[in-house]
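Structure, as structure tokens:
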Amino acid sequence: MTGMRGVVVESVDVGLDEPHIVDGEELQQWFRDQGATEVTVVKRPALPQRNA
């Protein structure tokens, strides 16, 4: 992961032996801990509600 860069939207499964889904600040910290300090995690804005 060291040196990776880019933008991540949504959540990511970072588990090795079993699923471990992370997002938001937890995912941002996970990337930092892996040496990918140039990866930015963003939250996708909620879609507006449609009137039925």
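Apolar share of the accessible surface for the chain: 49 percent from carbon plus sulfur atoms, 1.4 Å probe. In this structure the chain gives 87 Å² per residue of accessible area when probed at 1.4 Å with all protein chains present.
Considering only alpha-carbon pairs that sit under 8 angstrom and 6 or more positions apart, the relative contact order computed for the chain is 46 percent. Counting only heavy atoms of the protein chains and using a 1.4 Å probe, Glu10 has close to 90 Å² of accessible surface. The charge dipole of the chain, taken about its Cα centre with unit charges on the Cβ of Lys, Arg, Asp and Glu (plus for the first two, minus for the last two), comes to roughly 400 debye. Descending by average beta-carbon neighbour count within 10 Å, the peptides 14-21, 36-43 line up as 36-43, 14-21, the highest first.
Calculated [222 nm] ellipticity per residue, helices only, for the chain: -5500 deg cm²/dmol; basis is -39500 (n - 2.57) per DSSP H run with n ≥ 4, divided by all residues, nearest 500.
The values are calculated or read from the model by the stated rules, or taken from the named source; none is laboratory data. This one's a predicted model, so the numbers in the text were calculated from it and none came from an experiment. Note that we place each Cβ from the backbone using ideal geometry, even for glycine, and neighbour counts take in every protein chain shown. Just the protein is used for accessible areas: all its heavy atoms, side chains included, with ligands, DNA and RNA removed. Shrake-Rupley method; radii C 1.70, N 1.55, O 1.52, S 1.80 Å.
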